[in-house]
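Step one of this worksheet: look at the structure below.
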Amino acid sequence: MIRASHDRDELAGLLRRDPHLHAYELGDLDDFYWPYTSWYRLGDAVALVYHGGGTPVLLALDHSPGALTELLTALVPLLPRRFDAHLSPGGEAVLARHFGVEPRGTHLKMALTDAGRLDRVAPAGELLGPADVPELAVLYAAAYPENWFDQRMIETGQYVGVRRDGELLAVAGVHVWSPKYRVSALGNVTTHPRVRGQGLATAAVAALCRRLLDTVDQVTLNVKADNVAAIALYRRLGFTPVAEYGEFVVGRQTPTTPPAAPAPAPTTLPPAPAA
């Protein structure tokens, strides 16, 4: 039977079998993220529900379709009414038996497998901190309005920004960073539309990766499979696709109430006979 798990060492042992696939989950074992997590295990398969943002996020990733199906089937009664989901291929079909499932596209997980390529790019940017959040909000509104940015992440000290004439024009940050578990995941990378194509984001990512490699062994990221420009950027820096997954918005279907039966037509009685 599926069970909740609270043993970080046990979970880390399972997730480290594929640190590229499970970089987010490994990072979320860190004290910085742990209070916002709920963990479930069925055999060696692990699922995480992360509660750190506005909407819970389910991560259920496994290369074995059978293990993924069994895990999700057992997990259904424990899931919230509405959540986002990152699922290995086939997982959406399991959830669709019980929920409405709205796809948000196929994504790739990429990992930095050739760090030597970072030397081909001149790094640029400065370290950002909490005081820079208002500027970041302006940049994301102009360049990446659908971005998911948790202001708490700036506290990791792993955000690099590029300015020109005092204006913040590009940024590279993280969704996950854990020196304890030696993993990181890039996120919230963007460039102002006015200066795209000038290599600012590439330079910021290169600077951030060099910084991350001082404290972690794995640098990973998620990217939409149809984002050709971003994938090309990451390949130039030494990243390689390592897995495919789908992102979905999931919500319990509201049972439909059958229409009420029509009221019977009034019966017309014949007139009473005269006395």
- request: Determine whether the range 195-217 contains at least one residue that is under 19 Å from the mean Cα position of the chain (by Cα) and polar (S, T, N, Q).
  value: no
query: Do we have residue 210 as within 16 Å of residue 157 (Cα to Cα), assigned by TED's automatic domain parsing to the domain that holds residue 159 and in a helix (DSSP H, G or I) here?
result: yes
- prompt: Out of the range 9-21, which residues are assigned to a helix (DSSP H, G or I) and closer than 28 Å to residue 108 by Cβ?
  reply: 11, 12, 13, 14, 15
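Test residue 112 against the criterion of being surrounded by 14 or more Cβ atoms within 10 Å (Cβ to Cβ) and of a type outside the set (Ser, Thr, Tyr), and give yes or no.
When the stated conditions are applied, residue 112 passes them.
Starting from residues that are without any contact (Cβ under 8 Å) to a residue 24 or more places away in the chain and assigned to a helix (DSSP H, G or I), keep the ones in the range 110-148 and report whichever is farthest from the chain's Cα centre (by Cα).
For the range 110-148, the residue satisfying everything is 119.
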query: Residue check, residue 54 against (1) over 26 Å from residue 194 (Cβ atoms); (2) modelled with pLDDT of 95 or more; (3) within 20 Å of the chain's Cα centre (by Cα), all met but one. Which one?
result: (2)
task: Could you tell me whether any residue of the range 17-38 is loosely packed, with under 14 Cβ neighbours inside 10 Å, in contact with a Phe, Trp or Tyr (Cβ under 9 Å, 6 or more places away or on another chain) and either closer than 30 Å to residue 206 by Cα or not aliphatic (A, V, I, L, M) (or both)?
output: no
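The values are calculated or read from the model by the stated rules, or taken from the named source; none is laboratory data. All figures in this text were calculated on a predicted structure; none of them were measured in a lab. Cβ: placed from backbone, ideal geometry, glycine included. Neighbour counts: every protein chain shown.
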